[in-house]
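The values are calculated or read from the model by the stated rules, or taken from the named source; none is laboratory data. Here the structure is a predicted model, which is why all the values come from computation and not from measurement. Quick reminder, even Gly has a Cβ in these numbers, built from the backbone with ideal geometry, and neighbours come from all protein chains shown.
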Amino acid sequence: MLRTETDTLECRKLWDTFSPQQQAWDDWDLMFAFHDQDQHSFNFLVHLGSDGQADGLLPLVFDSKLNRHMLMAGSYPDGRILWLRQQHFPEFFEQLPERTVLFDLEHNWVSELLRLHPEFEVNFAEQDTRYYLVPSEFEFDFYKHIDTFPPDKKQKFLYDLRNIGKREPVLRWNDDNEADLFIELVNRNFGAESDYADAENARELRRVIAELHQSGRLKTLTIDIDGARQAVALSLLHGNKMIALYAASNNDYNNLGKLLNVETIQEACRLRVDEISFMTGMQWKANWRMKGEPCRTMRKPPAPWPEAEKSPT
C-alpha cells in the first residue's frame, strides 16, 4: 500500500528516516537547496508494510514549469539509488504519475532491479556516464596520471599547461561564496545562450553554493590573470569525497579551463580524498582517462519525450 505525503515538515521527517546519510546527495539541506519552492511541490510516495509502518520512500516532487514528476533536486545529482525494497518497485511504478523521470540512477542498483523485474527495461533505456578519479591510484599526484596518457597527448597537455603558466596565474583556495563570479563568467562566455542567463537557474545555483558555504563544505578556487579574476571552481567536500560541481573560466585565455580542472584535482590529492567526481557527461573527461560509471534514467512513459528535460550540469 502507498500513500502520498505533501507536507514539507513530514517530508523532512521521512527523508531523515530513510536516507542512508552516506553520500552528499543523501543530505536534506543540500537537496533542499536545489528545490525551487515556487515551482516544485512535494509528492513523496511512502510504502506501508502489512503492519502499517512505512518501509520505503520515493522522494518525488512535481515540477510545475516542466510538467513532470522527478526525484527531489531533479537532474543535477547523479549515481542515486531509490530508498525502497526492489520487490516493491512494481507497486511504486503503478502509482507514478505520467511524465515521471528519475535521472541518473546508479547502474548497479538498476541492474539488480531489472534482474528482478525485466519488464521495466524499456523505461530505463537512457544511459549517461559519471566520471571520477581515485587519487590513490596515481599516488595523489595528478601529473603521475598524466604520465599514463599516450606520448603525443601527454606532450600536448603539458605544453598547454606551460603556456597558460606563462601568464603568471595567481591561484587562491578558500571557502568563499563565488556564485556570482561563476555566473558572470558563464554569461560572459555564452551571452543569451548561457544556462545562467535564466534567472531561475541562477537562483538555484546561488542557493546551493550558499548552503555549502554555510555548512562548511565549499571548496573554492579562483585564478587571477592580468590583475583580475578570470576563473573559478566551486567544489563540494563531503566526508572523504570531493565533487567538482561548477567551474568556469574566461574563454579569452586559452587553456585556463584546463589549468582550473588540473588544480582542482591536485587539491583533491592534497586533501587525500578517496574520490573526486566530475559528474556526468562531456567528452573531455573521458579524454583525461577518468574512470566511468554508468547511470540510468527511468521514464514513465518511456523516452523519447518531446522537450529537453535536463537542467544545466
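Quick check on VAL262: is it assigned by TED's automatic domain parsing to the domain that holds PRO169, in contact (Cβ under 8 Å) with a residue 24 or more places away in the chain and outside any strand (DSSP E or B)? Spelling it out, VAL262 is indeed assigned by TED's automatic domain parsing to the domain that holds PRO169, in contact (Cβ under 8 Å) with a residue 24 or more places away in the chain and outside any strand (DSSP E or B). For the stretch 216-232, the set of residues classified as under 25 Å from the mean Cα position of the chain (by Cα), within 17 Å of ASN255 (Cα to Cα) and small (Gly, Ala, Ser) consists of ALA231 only. Inclusion of GLU106 among residues that are out of contact with any helix residue (DSSP H, G or I) (no Cβ under 9 Å at 6 or more places or on another chain) and in contact (Cβ under 8 Å) with a residue 60 or more places away in the chain is warranted. Please determine whether any residue of the stretch 5-23 is modelled with pLDDT of 95 or more, of a type in the set (Asp, Glu), closer than 30 Å to ILE276 by Cβ and out of contact with any Cys (no Cβ under 8 Å at 6 or more places or on another chain). Within the stretch 5-23 (the criterion being modelled with pLDDT of 95 or more, of a type in the set (Asp, Glu), closer than 30 Å to ILE276 by Cβ and out of contact with any Cys (no Cβ under 8 Å at 6 or more places or on another chain)), the answer is yes, since at least one residue qualifies. The residues of the stretch 187-209 that are in contact with a strand residue (DSSP E or B) (Cβ under 9 Å, 6 or more places away or on another chain) and under 16 Å from THR220 (Cα atoms), listed by number, are LEU205, VAL208, ILE209. On the stretch given as the stretch 260-289, residues that are crowded, with 21+ Cβ neighbours inside 10 Å, more than 24 Å from PRO169 (Cβ to Cβ) and of a type in the set (Gly, Ala, Ser) total 1.
Regarding the stretch 158-166, can at least one residue be identified that is within 16 Å of TYR246 (Cα to Cα) and in contact with a strand residue (DSSP E or B) (Cβ under 9 Å, 6 or more places away or on another chain)? Steps first, please.
Start the filter on the stretch 158-166 by keeping residues that are within 16 Å of TYR246 (Cα to Cα), which leaves none.
No, the conditions are met nowhere in the stretch 158-166.
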